[in-house]
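Report on the following structure.
Read the figures in this text as sums done on the coordinates, not as results from a lab. Because the structure is a prediction, the values reported are computed rather than measured. Reconstructed Cβ throughout: ideal geometry from the backbone, glycine too, with neighbour counts over all protein chains shown.
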Amino acid sequence: MSFQELMLTYGYPILFFGVLLEGEAFLIAGAYLAHRGYFSMPFVIGLAALASVLISQGYFYVGQRYGQQFLTRRPRWRQRFSRVQRLLHDYGAVLVLGFRALYGLRIVIPAAVGASGYSWFQFLLLNVLGGLVWALLIGLAGANLIRLAEPILTDIRHHERMVVGVLAGLGLSWAAYRLYRQPRLVKR
């Protein structure tokens, strides 16, 4: 079953749970299906915002409830926690509004903010606002990019072998670059 078939078969529930796991990918897929007429764009954006807010609020609660115990048992994490604390001190509400844009920190920031003693009500308000802005920006940008890319992607199907070759070449070039840049082990 393809990704599109999965989304069409299970509809909005798979979109909701997908956004909980991998936000942008499922939101953009939902926006694509809304563009094609299968879903409602306002509902896709609203559902994505709801899922994003709920999961972030959950991480905040876990950080608030268990954060200090977690840090006590894992001293190496204290450094990461203190980094988020500095960001929270320097940027405050902006960090809470925009943490979704910091890829790789979407779990850490709400949990660390919760562990820091931040007001749950203030976090909720900023989280809802940030979730709505995130869903609107990603959903509408994704829908517009898909609308623009659709004719190009249709044309690419006629040149599949060339596209695969170029992508494979780029991938091999990147791998060679990474291997070359990696520090060498010195034999003694």
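A few comments on the model shown:
- Selected residue [among the aromatic types (Phe, Trp, Tyr), within 22 Å of the chain's Cα centre (by Cα) and assigned to a helix (DSSP H, G or I)] from 174, 134: 134
- Residue 111 within 17 Å of the chain's Cα centre (by Cα) and assigned to a helix (DSSP H, G or I): yes
- The set of residues from region 86-131 being small (Gly, Ala, Ser) and loosely packed, with under 13 Cβ neighbours inside 10 Å comprises 104, 117, 119.
- Residue identified as at negative phi, outside any helix (DSSP H, G or I) and not β-branched (Val, Ile, Thr) among 106, 65, 100: 106
- Condition check for residue 104: in contact (Cβ under 8 Å) with a residue 40 or more places away in the chain and not charged (D, E, K, R): no
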